[in-house]
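Some notes on the structure that comes next.
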Amino acid sequence: MGKSRTPDGFTLVEVVVAMAVLGISLVLIIELFSGGLRLGRAAEEYTVAGQLARQKIEEIALYKQMEEGAEEGEFDGVYRWQMEVKKVDLLGFAVETDYQPPAAFYQIQVRVIWKSGNRERTTRIETFKAVKPESDEKKNS
């Protein structure tokens, strides 16, 4: 007579709460996965851009003489480059002297620009190069 009966299944409220928790969990997992894919693609783009910038710097390093100025161009349909060369004053003071440094120093900056989604991204690499004046090279020859 006084036996209490235990339920054999789940109530409707328990099923709805379990489905809501499952749905929220799945949405969060999918969002984390897609975020990881976006970060992976951005890392690949930056890696390619860095390699292209280093390639351009190596190409410039082969020049025997340097001139101040700016140039730009395109690697392929996605990546383009901008280069700026500036002469660096090593003496750093305004007093006139007859001293000529044994080499001229140039600062070289290469920027690589590309379109990623609806944003334009860029990376920059910079180096310095010492160049002997042409008159010194002719004397040594």
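Could you let me know the centre-to-centre spacing of segment 21-50 and segment 115-129, using Cα atoms, in angstrom?
22
At a Förster distance of 30 Å, what's the computed FRET efficiency of Ala43 paired with Phe128, Cβ-Cβ distance as r, to 0.05? Each step should come with its number before you reach the end.
Working: r = 28 Å, r/R0 = 0.94.
Rounded to the nearest 0.05, the efficiency is 0.60.
Hey, any idea what % of the chain's accessible area is carbon plus sulfur with a 1.4 Å probe? Each step should come with its number before you reach the end.
On the way: 6520 of 11280 Å².
Here it works out to 58 percent.
Modelling each spin label as a point 7 Å along the Cα-to-Cβ direction, I'd like the Val13/Glu58 distance in nm, to one decimal.
7.0
Considering every Cα-Cα pair within the chain, what fraction, in whole percent, is farther apart than 25 Å? Write down the numbers at each step before the final one.
Values: 5804 of 9870 pairs.
Across the chain, Cα pairs with separations above 25 Å total 59 percent.
Please give the helix 12-61 orientation as an angle from the longest Cα principal axis of the chain, in degrees from 0 to 90, rounded to the nearest 10.
10
At 0.36 nm per residue, and after removing the present C-alpha to C-alpha distance, how many nm does the segment from Leu32 to Gln65 gain when stretched out fully? Each step should come with its number before you reach the end.
Numbers: separation 33, 0.36 × 33 = 11.88 nm, distance 5.14 nm.
Full extension from Leu32 to Gln65 adds 6.7 nm.
Return, ordered by residue number, the residues of segment 101-133 whose backbone nitrogen is under 14 Å from a label point located 7 Å along Cα→Cβ of Gln82.
Zone members listed by number: 109-115, 120-125.
Using a basic spin-label model with each label point 7 Å from the Cα along Cα→Cβ, how many nm lie between Ala20 and Gln51?
5.0
The values are calculated or read from the model by the stated rules, or taken from the named source; none is laboratory data. Bear in mind that the values here come from a model prediction, so they are computed numbers and not experimental data. We place every Cβ from the backbone using ideal geometry, glycine too, and count neighbours over all the protein chains shown. With ligands, DNA and RNA removed, areas are computed over all heavy atoms of the protein, side chains included. Shrake-Rupley method; radii C 1.70, N 1.55, O 1.52, S 1.80 Å.
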